[in-house]
Amino acid sequence: MRLPLPLLLLGAWVVSGSLADRVSLSATAPQMDEEEKYSAHMPTHLRCDACKAVAYQMWKYLEKAEAKLHPGDSWERQELSESAYTDVLDRSCSQDWQDYGVQEVNHVNRLTGPGLSEEPGLSIKVMIRGGPWPNRLSKTCLQYLGEFGEERIYEAHRQGQETLEALLCGGSQGACSEEAPVPREEL
């Protein structure tokens, strides 16, 4: 049985199978603090998620560009020229980033979108898109291009998606080396 989204957001009952299997679903928008609302930069507690999103988008853009070089039935990945991978990485950073936003997960605001893990379980999630998030992700992406350089990023990409993510996000100073975000206290 499919219910219109407004009914689900208001906590409507969903009937699956028999009438005895009822589950109440409701959702609220994440509450954002001052830094999340107004800062020009990615908030510290979202930097790991942002890094993973950037690594995923760089990898996806490079994979797509390499796929265009495959001659017919060849399974061998073709290498992009320096000018090609530089252009592809610039495009990955200048995209619109509209598929990303913030949602609350276990009382912690998390960045969500393609390449970021989904929390398992039956639930409705409300994600706030747009606003400052696309600009922050673009700035984060450009920061990594400047910090690591296109050649080093492309070399990591050629070794695999995990290697690219480890380069950008790992290490003792990487965005994902910090402690996990602290859950917000309910008011």
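Take residue 154: with every protein chain present and a 1.4 Å probe, its accessible area is about 10 Å². Accessible surface for residue 77 stands near 80 Å², nearest 10, in the context of the full protein assembly shown (1.4 Å probe).
The values are calculated or read from the model by the stated rules, or taken from the named source; none is laboratory data. Bear in mind that the values here come from a model prediction, so they are computed numbers and not experimental data. Note: accessible area is taken over every heavy atom of the protein model, side chains too, but ligands, DNA and RNA are not part of it. Shrake-Rupley method; radii C 1.70, N 1.55, O 1.52, S 1.80 Å.
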